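For reference, the structure discussed in these notes is given below.
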Amino acid sequence: MRERGFNPAAVLANRVARELDVPWHPSLLRKVRHTPPQTGLARTARERNLRGAFRCAAVDGLTVALVDDVTTTGATLEALARELRRSGAWRVEGWVVARTPASGRNA
């Protein structure tokens, strides 16, 4: 967001929600602490980098789709899904447009 001036994943999520006629809740998940860029980090470092970085409103019993533009190791989706499940989500799905080759060991 800071670098591009917009959030590509939010643009996609908004469009997907409109096309499928389902609610979009951009403020459901929020980042509660700054994290360094994930670029160049192996999966374990990415997981450590994101630990405790997100908070979620109560989502008891809901199915939630996480929409992202690009994934490399899936660490961000996993961190978000973990927080959603902790907050009561019944099911969490990750919908991603593109996947980049993972770099580094343990990626």
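Values in this text are rule-based calculations from the coordinates and carry no lab data. Treat the numbers as computed from the prediction; the structure is a model and nothing was measured. Every residue, glycine as well, gets a Cβ built from its backbone with ideal geometry; the counts of neighbours run over all protein chains shown.
Before moving on, here are some points about what is shown:
- Residue among THR72, THR63, THR39 with the largest mean-square fluctuation in a Gaussian network model of the chain, springs linking Cα atoms under 10 Å: THR39
- Loop trypsin sites (Lys or Arg not before Pro), the stretch 8-107, which have at most 10 other Cβ atoms in a 10 Å radius of their Cβ (DSSP): ARG33, ARG105
- Sparse-neighbourhood loop sites, chymotrypsin sites (Phe, Trp or Tyr not before Pro) in the stretch 33-107 - DSSP loop, at most 14 other Cβ within 10 angstrom: TRP90
- For the chain, with +1 on Lys and Arg beta carbons and -1 on Asp and Glu, the positive-most of ALA98, ASN14, GLY74 along the dipole: GLY74
- Averaging the sequence gap over all C-alpha pairs within less than 8 Å and six or more residues apart, then dividing by the number of residues, gives the chain a relative contact order of 29 percent.
- When both bridge partners sit in the stretch 8-99, DSSP labels roughly 25% of those beta bridges antiparallel.
- In this Cβ point-charge picture (+1 for Lys and Arg, -1 for Asp and Glu), the chain has a dipole of about 480 debye about its Cα centre.
- Normalised per residue, the volume of the convex hull around the Cα set of the chain (Å³): 104
- Residue-averaged [θ]222 nm for the chain, counting only DSSP H segments that reach four residues, each worth -39500 (n - 2.57): -9500 deg cm²/dmol
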